[in-house]
Amino acid sequence: MTAVQDRARNVRRAPLPLFGKVFTDSWRGLLGWALGLAAAAFLYLPLYPSISGGSGMQDIIKNLPPELIKTLNYDQIGTGAGYAQATVFGLIGFVLMTIAATSWGAGALGGDEESGRLELTLAHGVTRVQVAAARFCAIAVKILALSTLTFLAVLTLNDSARLEIQVENLLGTSLMFGGVSLLTASVALLGGALSGRRIGGIAAGAGVAVVGYIFNALGNQSASLEWLHNVSPYYWAFGNSPLSTGADPTTIAVFYALSLLLAATAALALRQRDIGV
Amino acid sequence: MSHDALTQPRAVLGPGQAPDAAIDVVDLVKQFGRNRALNGVTFQVPRGSVFGVIGPNGAGKTTIMRALLDIIRPTSGHATVLGTPSRNAGPELRRRIGYLPGELILEGRTSGRRLLAHYADISGPVAAGHVHELAERLGFDLDRPVRKLSKGNKQKLGIVQAFMHQPELLVLDEPTSGLDPLMQQEFLKMVREARDRGQTVFLSSHVISEIQQAADEVAILRDGRIVTINSVEELRTTAIRHLRLVASGIRPTDLAAALGALEGVTTLECTVTPAGDAEAVATLSSEIAPFLQAISTLQLKDLMLEEPDLEESVLKLYSAPMPAAAAAGLARHADAQTDVTK
């Protein structure tokens, strides 16, 4: 009879295999999102001097319907901070980050379960909570990386585009940007964990982001709708113009704490369910 | 192949030594909405044996296996795997199990080698070089991207993944699906070697021919119930055999009367051969000794008794009304149960 090998020897294990796997699987995607965000910053921000510099641009904006201006947050576009907020953090960057966060969150558990791959992972020596935690942490790292990149891109252009944004305000806003995106990702993670489908996560994540954006825009329109700001994560993050007035550290902390809470709920939800049915 | 290190991580028990079963399933019920996938399944798999479960699609084979791995939770009843209740079992238990899902879906953008390295990271420890050995054995290229692999090669990857950490228990759902006949043979050899090393193998198939060479015992599952548990030997003795015999000095009608009276002889047809002898074609579903005794008085010119057709007899168990099928298997089922617990 062949003896069973001593299997404890000759073993090399990757540290944090579940966490690391996310990056070996998705570094290309992360690179793509990073390029997209950098492109957005480098295309929009250098235009600021020509818009603020007494050209016809301000007149064009003044002639836009006021509702549209409020929806797009163009009312503060006359300052560098307002312009960067309205274009990068509040619009194109926000859209890119929301899509990335939603797809990562929805794919991490719901998409993986739907495809059938989660079953095999869970059949190995891991717990469901470990899998959920590792994947949430990986998403958090990716979102923070993209926020850092946005921070660096805006910082690089700050002087040349004459934005005059204070570095600490930029830092706070970038953290806020990451926080609101992580919240979206966590909602998507929870949606996927509860439904076992990618679409469940996408509906939840995109739903929260889009509804938050719409509530912010509606709340901007009139005093009677202002209460909508209270339930809009978008408003929590950007309603007080953090690029010009500074980001509230408590709000930043709330975003990250809430994300953590949602991720913990997702882990517990996953633990209770039958997988792949 | 020689193994240099001989320290065994755990006792490998021989037959008769096993105080506890590798798998002990008691009255397992699983309800999915209004559909009852498992309807009170009870069986034991002794350590160091190969246990097959066969049944038509949707019989509940995959559901049992998923419950053993704690991927789904049974509605009632319980399963004990390697001495640990499977429900909410920790990762320590699953490190001791190798699992091949019935619907194998693998990450496509990586190579087989990298994917296996990842599973090795979250699995029981894999001895250096063992993955390479297994891949070589199955004729499988580790460096090709997974998405470019054929179904059979993906299946090989899944098999390597299940075997590589030499787990105490292998749970293999339709392991031979997609493999060509040569690879099926190689795989069955791997299963027998695993058993000889003391590993337990629990595998499923929808056809018995794929696993009859390797399995010590076979449970036949239908509509979420076990119809019967037999050893392959027992199945063979009760299986249907096709027979043909030619006897001289007897009229076909007499031959028909003589054979028709025997137990287990069905679909009997007697004709006259061109040479004037009587020829009988029939199926035999009882043991052969009484039959041979009965025909020993005939002047036989030719006798052909085919290999038992397990497939056909299993198909009969699939399709017979449940009480009849259960009655056919019940006595043996009881035997098998006592055998197992001995």
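The values are calculated or read from the model by the stated rules, or taken from the named source; none is laboratory data. This one's a predicted model, so the numbers in the text were calculated from it and none came from an experiment. With ideal geometry, Cβ positions are generated from the backbone for all residues, glycine too; neighbour counts draw on all protein chains shown.
Taking the residues in region B:283-323 that are over 28 Å from B:ALA247 (Cβ atoms) and touching a residue at least 12 places away in the same chain (Cβ under 8 Å) as candidates, determine which candidate is surrounded by the fewest Cβ atoms within 10 Å (Cβ to Cβ). Taking the candidates together, the pick is B:MET322.
Of the residues B:THR80, B:THR110, only one is touching a residue at least 24 places away in the same chain (Cβ under 8 Å), away from chain A (no Cβ under 11 Å) and polar (S, T, N, Q); which? If you could, list the steps in order and put the result at the bottom.
Details: B:THR110 fails: away from chain A (no Cβ under 11 Å).
Result: B:THR80 is the single residue among B:THR80, B:THR110 that is touching a residue at least 24 places away in the same chain (Cβ under 8 Å), away from chain A (no Cβ under 11 Å) and polar (S, T, N, Q).
Quick one: would you say A:GLU114 is over 30 Å from B:PRO125 (Cβ atoms), within 14 Å of chain B (Cβ to nearest Cβ) and crowded, with 18+ Cβ neighbours inside 10 Å?
yes
Among the residues of region B:106-115, is there at least one that is more than 13 Å from B:ILE159 (Cβ to Cβ), part of a loop (DSSP other than H, G, I, E, B), of a type in the set (S, T, N, Q) and not assigned by TED's automatic domain parsing to the domain that holds B:THR200? Among the residues of region B:106-115, at least one is more than 13 Å from B:ILE159 (Cβ to Cβ), part of a loop (DSSP other than H, G, I, E, B), of a type in the set (S, T, N, Q) and not assigned by TED's automatic domain parsing to the domain that holds B:THR200, which makes the answer yes. In this structure, is B:GLN166 within 12 Å of chain A (Cβ to nearest Cβ) and closer than 13 Å to A:ALA123 by Cα? So B:GLN166 fails the test.
Every condition in (1) of a type outside the set (A, V, I, L, M); (2) in contact with a Gly (Cβ under 7 Å, 6 or more places away or on another chain); (3) crowded, with 21+ Cβ neighbours inside 10 Å; (4) facing another protein chain (nearest Cβ under 7 Å) is met by B:GLN155 except one, and the failing one is (4). For A:GLY212, are the conditions met, namely being away from every other protein chain (no Cβ under 14 Å), in contact with a helix residue (DSSP H, G or I) (Cβ under 8 Å, 6 or more places away or on another chain) and more than 30 Å from A:GLU113 (Cα to Cα)? Taking the combined requirement at face value, the residue does not satisfy it.
Can you tell me which residue is surrounded by the fewest Cβ atoms within 10 Å (Cβ to Cβ) among those in region A:117-126 that are more than 20 Å from A:ALA185 (Cβ to Cβ) and without any contact (Cβ under 8 Å) to a residue 40 or more places away in the chain?
Result: A:GLY125.
For A:ASN10, the conditions (1) more than 14 Å from chain B (Cβ to nearest Cβ); (2) at pLDDT below 90; (3) surrounded by 12 or more Cβ atoms within 10 Å (Cβ to Cβ) all hold with the exception of (1).
Could you please let me know if B:ALA326 is outside the structural domain of B:GLY52 (by TED's automatic domain parsing), of a type outside the set (S, T, N, Q), closer than 30 Å to B:GLU217 by Cβ and modelled with pLDDT of 90 or more?
No.
Condition (residue is within 13 Å of chain A (Cβ to nearest Cβ), touching a residue at least 12 places away in the same chain (Cβ under 8 Å), surrounded by fewer than 19 Cβ atoms within 10 Å (Cβ to Cβ) and among the charged types (D, E, K, R)) applied to region B:60-70: is it met by at least one residue? Within region B:60-70 (the criterion being within 13 Å of chain A (Cβ to nearest Cβ), touching a residue at least 12 places away in the same chain (Cβ under 8 Å), surrounded by fewer than 19 Cβ atoms within 10 Å (Cβ to Cβ) and among the charged types (D, E, K, R)), the answer is no, since none of the residues qualifies. Selection of first residues in region B:248-265 that are outside any loop (DSSP other than H, G, I, E, B) and of second residues that are not hydrophobic (A, V, I, L, M, F, W, C), restricted to Cβ pairs under 7 Å at least 6 apart or on distinct chains, gives the following pairs, ordered by first then second residue: B:SER248/B:ASP277; B:SER248/B:GLN299; B:SER248/B:LYS301; B:PRO252/B:THR271.
Yes or no, residue by residue, for (1) in the same structural domain as B:ASP216 (by TED's automatic domain parsing); (2) assigned to a helix (DSSP H, G or I):
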residue	(1), (2)
B:VAL126	no, no
B:ALA135	no, yes
B:PHE140	no, no
B:GLY152	no, yes
B:LEU182	yes, yes
B:ARG192	yes, yes
B:GLY198	yes, no
